[in-house]
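S.K.: Got a structure here, written out as C-alpha cells. Questions coming.
The values are calculated or read from the model by the stated rules, or taken from the named source; none is laboratory data. Computed from a predicted structure; not experimentally measured. We place every Cβ from the backbone using ideal geometry, glycine too, and count neighbours over all the protein chains shown.
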Amino acid sequence: MMTNPTHSSAPESVKSRFLQRLLGRLKTQTVYQLDNLTHIDAQPIEIPQLIADANPVTAFQDLLISHNGLDRQILEIRRANEEQRRTILRSMLDVADSLDRMIRFALSQNELKTPTAEKLIEGLESTKRITQRNLGKAGVKRLETIGTIPDTEFCEIHSERKADGAQPGTVIDELLSGYTLDGKLLRAATVIVAAE
C-alpha cells in the first residue's frame, strides 16, 4: 500500500505556514516593557533577527525565550520598584509619627491653651490629615488598634498598664502606629495593653 507523500506532510506544512504568518505579523511590531515603568528606558525585542532564522519553529521558540527573559526583567524591575516604594513610604511614616507626637505634646500642655497655640494645633492636625490622605492614596492604611485585642501579626506589645474601665488585654495606647501597604504589613504597631 502506497502512502501519499503530500498528505503526510500537509499537517507540517500547515504548522509551518501558521508560524510564518504569526512571525510575519510580529515582524512589524516591537515589544516594550509596560505597566507604569515609564521612567525606565524600554528596550525592544529585536524580532527581525528572529524572523531571519530559517526554521520557523526555532524562530518561534527563540521568540518565546526572549519573551520569558523580558518577563523576568520586568519582574525584577517591579520587585526593585516595590522595595523602593516601601522604603519611601516607611520614611513618610516618620513624618506622620512626628506630627502625632507634636499634637500629643501640645494637647498635654495646659499653658498652650492660648488662641495662637490652638491655631498651631489646628495646623498640625490639618497637616496630619493631609499626610494620612496622601499615604492612603499610595495604598497605606493606618491600623486601628485602640480598644482591640492586639493581633501579634500587626502589633508588638511594649508593656502593660492598669487602666480603669478597659478590658484586660486590650490596647489602651499606641507608642507607634502600625500601617499596612496594599493589605500587607508595612510597619507593626507598638502598643500598651491593659493589665489584669
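S.K.: In segment 152-179, which residue that is among the β-branched types (Val, Ile, Thr) and buried (at least 16 other Cβ atoms within 10 Å of the Cβ) is farthest from LYS128 (Cα to Cα)?
M.R.: Ranking the candidates gives THR170 first.
S.K.: Do you know which of the residues in segment 107-151 that are over 26 Å from LEU89 (Cα atoms) and among the acidic types (Asp, Glu) is surrounded by the fewest Cβ atoms within 10 Å (Cβ to Cβ)?
M.R.: GLU111
Residue-wise test of (1) part of a helix (DSSP H, G or I); (2) in contact with a strand residue (DSSP E or B) (Cβ under 7 Å, 6 or more places away or on another chain); (3) among the hydrophobic types (A, V, I, L, M, F, W, C); (4) under 30 Å from ASN81 (Cα atoms).
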| position | (1), (2), (3), (4) |
| --- | --- |
| GLU125 | yes, no, no, no |
| LYS141 | no, yes, no, yes |
| ILE149 | no, no, yes, no |
| THR152 | no, no, no, yes |
| HIS158 | no, yes, no, no |
| ALA163 | no, yes, yes, no |
| LEU186 | no, yes, yes, yes |
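S.K.: Is it true that some residue in segment 148-155 is closer than 22 Å to ASP100 by Cα, in contact with a Pro (Cβ under 8 Å, 6 or more places away or on another chain), modelled with pLDDT of 90 or more and not polar (S, T, N, Q)?
M.R.: For segment 148-155, residues closer than 22 Å to ASP100 by Cα, in contact with a Pro (Cβ under 8 Å, 6 or more places away or on another chain), modelled with pLDDT of 90 or more and not polar (S, T, N, Q): absent.
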